[in-house]
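Below is one structure, written out as structure tokens; comments come after it.
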Amino acid sequence: MNAHASPARPLSVGRYAPSPTGSLHLGNLRTALAAYLSARARDGRFLVRIEDLDRNRSRPDLIVEQLADLEALGIEWDSEPLRQSGRGDIYAGHFERLKRTGLVYPCFCSRKDVQAALSAPHAPAGRGYPGTCANLPAAVAQERIARGDRHSWRLRVQQAPKSFFDGFAGEFRYDLEAEGGDFVLLRSDGFFAYQFACALDDALSGVTEVLRGADLLDSGLRQAYVLACLRLAPPRYCHIPLMMDEGSGRLSKRRGSADLRAFADAGFDALAVRSYLAHTLGLCEVGEWPAMTELVERWDLARVPREEVLFSQQTLAAFGESQSP
Ligand code: GLU
């Protein structure tokens, strides 16, 4: 138990869960900082999990780099980071549990098949999956599996709650069954899907708050549903607006948006970058360099801007020029 936690309050546990498929860009680091501050502001624990399930795209050198970047910002984690690539047996155990309840079924549709079915004239509007394989007779499915037909496994979305509470956006209505549809838990290449592994790991690690970018709001709905099916308690999901780049595009790891090394090469100290990020979270003035303890004191979700934040080279430069403490 964390020495600072009051015994009367359940322990808060926050986390950051990067995929080692690219360098962390400023938007990623901003989310990591926010998740960290939110956990520490409640005297909570903070975990880092490496989401390296997709072995074709994950790079070990990036794991080292990403952890070093978090450290450079002063973000500390409380136990050895979990690596999803080593947890296949755990996922498989829980997946079998779902299989026994009949909540998952094999799906033989390729991505192309799904797209074609969705663009057919009478396809259900707005759905992510039209349900093609949802009611295949078990004998047919078994025969196709035995024949070696490529298949994924989908989770049936039924009786899902019609609203979702997000810690940042508040309560909103969303019909996962009508608007999303059944989604993949085990991919046809044999890897467990992000929605399943992420939801499960958060629950099994005792995470109480998932604070991350608003681009993952859709995932929050699905992950909460996965956990409900597994009868595991969901964390509080909290999705904050993203940071966009100056061309008003989305920062993306793949597009190589500037990372900490690029800023270091341009002469910016990691702490100048951290202070800039804290500024974009509503926590300090331009040019101010608060210590981490001070940022923890100041953390308040209500200070985080309600809109997307535009990355500004000029504002960052103002932090670089100001005096370090
Ligand atoms: N691994 C995902 C990513 O790097 C984020 C997962 C999450 O925070 O839930 O985009």
Self-check item: Helix-only mean residue ellipticity at 222 nm for the chain, each DSSP H run of n ≥ 4 adding -39500 (n - 2.57), per residue, nearest 500
Solution: -11000 deg cm²/dmol
Practice problem: Could you state the accessible area per residue of the chain in Å², with a 1.4 Å probe and every protein chain left in place? | Solution: 48 Å²
Quiz item: Between Ser58, Ser205, Val184, whose Cα lies farthest towards the positive end of the dipole of the chain when Lys and Arg beta carbons carry +1 and Asp and Glu beta carbons carry -1, centred on the Cα centre?
Solution: Val184
Quiz item: For region 118-192, what class follows from the C-alpha gyration tensor (a ≥ b ≥ c being the square roots of its eigenvalues): rounded when a/c is under 1.5, otherwise prolate if a/b is larger than b/c, else oblate?
Solution: prolate
Quiz item: Distance in nm between label sites at Arg231 and Glu171, each 7 Å beyond Cα in the beta-carbon direction?
Solution: 2.7 nm
Quiz item: Dipole of the chain (Lys/Arg Cβ +1, Asp/Glu Cβ -1, origin at the Cα centre): which of Met244, Ile145, Gly167 lies farthest to the positive side?
Solution: Ile145
Self-check item: Cα-centre dipole for region 175-253 with unit charges at Cβ (Lys and Arg positive, Asp and Glu negative), debye to 20
Solution: 240 debye
Quiz item: Using a ≥ b ≥ c from the Cα gyration tensor of region 24-91 (square roots of the eigenvalues), is it rounded, prolate or oblate, where a/c under 1.5 gives rounded and otherwise the larger of a/b and b/c decides, a/b for prolate?
Solution: oblate
Exercise. Within region 180-234, list the trypsin sites (Lys or Arg not before Pro) lying in a DSSP loop whose Cβ has at most 13 other Cβ atoms in a 10 Å radius.
Key: Arg231
Quiz item: Within the accessible area of the chain, what % is carbon and sulfur when the probe is 1.4 Å and the other protein chains stay in place?
Solution: 50 percent
Exercise. Compute the Cα gyration tensor for region 21-151, then decide on rounded, prolate or oblate, letting a ≥ b ≥ c be the square roots of its eigenvalues: rounded whenever a/c is under 1.5, prolate when a/b is larger than b/c in the other cases, and oblate in all that remain.
Key: prolate
Quiz prompt | Proximal charge balance of Gln84 [Cβ under 11 Å; K/R count +1, D/E count -1] | solution = 0
Quiz item: Assigning unit charges at the beta carbon (Lys, Arg +1; Asp, Glu -1) and nothing else, what dipole magnitude in debye, to the nearest 20, does the chain show about its Cα centre?
Solution: 1400 debye
Quiz item: Around Pro106, with a cut-off of 13 angstrom between Cβ atoms, what is the net charge of the other residues, counting Lys and Arg +1 and Asp and Glu -1?
Solution: +4
Practice problem: Please report, largest first and rounded to whole Å, the three semi-axes of the ellipsoid equivalent to the chain, where each semi-axis is the square root of five times an eigenvalue of the C-alpha gyration tensor. | Solution: 38, 21, 19
Quiz item: Suppose every K and R has +1 on its Cβ and every D and E has -1 on its Cβ; what is the size of the dipole of region 119-180 about the Cα centre, in Debye to the nearest 20?
Solution: 280 debye
Quiz item: Hey, what did the chain get for relative contact order, percent, Cα under 8 Å, at least 6 apart?
Solution: 20 percent
Quiz item: In the chain, which cysteines lack any other cysteine Cβ under 4.7 Å from their own?
Solution: Cys109, Cys198, Cys229, Cys238, Cys284
Quiz item: Among residues other than Gln313 whose Cβ falls under 11 Å from its Cβ, what is the net charge (Lys/Arg +1, Asp/Glu -1)?
Solution: -2
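The values are calculated or read from the model by the stated rules, or taken from the named source; none is laboratory data. Just so you know, these numbers come straight off a predicted model, no measurement behind them. Neighbour counts are summed over all protein chains in view; Cβ atoms, including those assigned to glycine, are modelled from backbone coordinates with ideal geometry. Areas reflect the complete protein model, heavy atoms only, side chains present, ligands, DNA and RNA absent. Shrake-Rupley method; radii C 1.70, N 1.55, O 1.52, S 1.80 Å.
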